1. Looking only at residues that are open to solvent by 40 Å² or more (accessible area, probe 1.4 Å) and in a loop (DSSP other than H, G, I, E, B) in region 183-218, which one is farthest from Arg80 (Cα to Cα)?
2. Pick out the one residue from Val253, Val243, Val235 that is assigned to a helix (DSSP H, G or I), of a type in the set (Val, Ile, Thr) and either closer than 16 Å to Lys277 by Cα or open to solvent by less than 30 Å² (accessible area, probe 1.4 Å) (or both).
3. Which residue pairs have Cβ atoms under 6 Å apart, sit 6 or more places apart or on different chains, and have a first residue in region 370-388 that is over 20 Å from Pro261 (Cβ atoms) and at pLDDT 95 or above and a second that is small (Gly, Ala, Ser) and surrounded by fewer than 21 Cβ atoms within 10 Å (Cβ to Cβ)?
4. Taking Trp136 and the conditions (1) under 25 Å from His173 (Cβ atoms); (2) open to solvent by 40 Å² or more (accessible area, probe 1.4 Å), which numbered condition does it fall short on, given that it satisfies the others?
5. Is there a residue being modelled with pLDDT of 95 or more, over 26 Å from Ile25 (Cα atoms) and over 24 Å from the mean Cα position of the chain (by Cα) anywhere in region 330-352?
6. Give me the residue from region 256-270 that is under 17 Å from Arg233 (Cβ atoms) and not hydrophobic (A, V, I, L, M, F, W, C) and, out of that set, most open to solvent (accessible area, probe 1.4 Å).
7. Looking at region 140-165 only, could you name the residues that are in a helix (DSSP H, G or I), touching a residue at least 60 places away in the same chain (Cβ under 8 Å) and more than 21 Å from the chain's Cα centre (by Cα)?
8. Considering each of Asp310, Asp363, Asp314 in turn, give the residue that is closer than 19 Å to Trp267 by Cβ and either free of Cβ contacts under 8 Å to residues at least 12 places away in the same chain or open to solvent by 20 Å² or more (accessible area, probe 1.4 Å) (or both).
Amino acid sequence: MILLLFTTSYPYDYADEYTFIQPEIPHLVEKFEKVILVPRISKGQMLPLPPAVEVIHQFADFLQQRPSLRKMLESTFASRRFLQEIRNYPGILLYPSKVLKLILFSMRTELTRQWVTNFIKTRHLDPDDCIFYSYWLDHTATGLALMKQEFTMTKVISRAHGFDIFEEYYYPHYWPCRRETLDTLDRVFFASDAGRTYLSKRYPQYSSKFETTHLGIEDPVFTARSSSDDVFRIVSCSRIVPVKRIDLLFDGVAEASRLRPQQKFEWTHFGDGKDGKVLSRRAAQIFPSNAQARLLGNVPNHEIMQYYRDQPVDVFVNVSNTEGGAPVAIQEAISCGIPVVATSVGGNMEVVLEKNGILLSPDPRPQEIAAALLKIWDNPELAARMRTESRQVWQTSYNAEVNFRAFTERLKSLGEH
C-alpha cells in the first residue's frame, strides 16, 4: 500500500511543521510499501529522509504556475461547490472578507483536486491501494476529499491541530466547505481531545469519523536539572505572535521580579516574530534590574533540547489564548522533566495536570502568572515532584515511539478495509 502525505513544506524546513512530522516518518516507512511526500511549498533546506521516501516537487511547481486570476475566478464563480456554499450560508454575502476567503479557498481546493487527479492517472497509481493523508485540515484536505468523487474507493484522511480547527479564533470567523469536507473524508485525527470535542459539537453528524491521536516527542534520554545558584530560570518557546501572548508573559515575569527584589530571575524565550524586536527593546528599557530577559530568536529544535540538557531550567511557561493540540513545545519540556505553568485552554489542559504543573485561568493577569511562578520556586519539594510527574505524563501520553507506531498501524488498518 502507498501513502501520499501532503504537507505545507516538509521535508523542507520552511514551515515549523517539520518538528512535528519528522519523528513520524520512520514509522510510516516501516508500515507502508512506499511513502510519498507532497509539499505545496518547496523552499528552505531539505531535511534528511529515509531512502524509501519519495519527494514530489511537481505539486509546488503546479501551484506556482497556476492559471491567471481571471480564469480562476471565472472557474470558481461557476463551480457547483462555490454556489452550494453560498446557498448553505447566504449570510456570508454580507461580509466581503468571508466571500474573499471562500473564493481563495475554492481556488486552492480546485487546484489541489486537479493536480492529484492528474497525478494518479499519469503515475498509473491504483487509487484503491493508496491512502491520501493531509497533515492539516485545510484546503488541501478539501481538495483531496473532492478527488474522491472520481476515485470513490480511495481512502483520504487528515490530521487536525489548531488553526485548522477553531473557526472563531481567526478572522474572518468562517471556514469554507467544512461540512462538505467532513462528509467525504474517511477519518480526521485530532492532536487533542479539545479539538475533537470542538468539531464534534459543531458537526455531530460526523463525530464517528473523529479520533484523537496525540503527537509525541522522542525520548531525550536525560532529565533537565533545576537551578542550584539561587537564580530562578524560566523558559518559554513559541513564535512571537498575538495568540501566544508573549507580552503577557513578559509582564508576568516582571511582576514576579518586582515582588521579590532580592531574587534573581532569568527568562529565556526561544522563537521569533514581527514583534520580537519591540519586545527586546521593551525588555532593555523596563525589565526590573534583578531580572534578565534573553530573547534568542529562532533556534533549531535540537539546540533547544541541548539547552535543556546542559542548562538548568526551573519552569516552562505557555500563556497562549488558544491551543488546538497539546503544544509540542510543552511536550518537549515534560519529556525532559520540567514543570509547566500554562493557561487552561485547548490541549494545554491535557498535557499540564495538577501533578506536573499549574494551570492558569484562560485570561490571566500578570499577578496570577507571577503567583504561579513563585509557588514553584518557593516549594522545592513540590517542584521536584512535578519534575518526576512531567516525565511520567510524557511517558504515558506523549511518547513518540508509542504514539506514532499506534497511528501508523491505525492508518494501515483503514487501508485494508
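The values are calculated or read from the model by the stated rules, or taken from the named source; none is laboratory data. From a predicted model like this one, the values you see are computed outputs, not experimental measurements. No Cβ is skipped: glycine too gets one built from the backbone with ideal geometry, and neighbour counts run over all protein chains shown. These accessible areas exclude ligands, DNA and RNA; they are computed on the full protein's heavy atoms, side chains included. Shrake-Rupley method; radii C 1.70, N 1.55, O 1.52, S 1.80 Å.
1. Glu218
2. Details: Val243 fails: either closer than 16 Å to Lys277 by Cα or open to solvent by less than 30 Å² (accessible area, probe 1.4 Å) (or both); Val235 fails: assigned to a helix (DSSP H, G or I).
When all the criteria are applied, what remains is Val253.
3. Note: no pairs meet the criteria.
4. (2)
5. No - not one qualifying residue is present in region 330-352.
6. Within region 256-270, the match that is most open to solvent (accessible area, probe 1.4 Å) is Gln262.
7. The answer is Leu146, and nothing else.
8. Asp310 is the lone residue from the list that is closer than 19 Å to Trp267 by Cβ and either free of Cβ contacts under 8 Å to residues at least 12 places away in the same chain or open to solvent by 20 Å² or more (accessible area, probe 1.4 Å) (or both).
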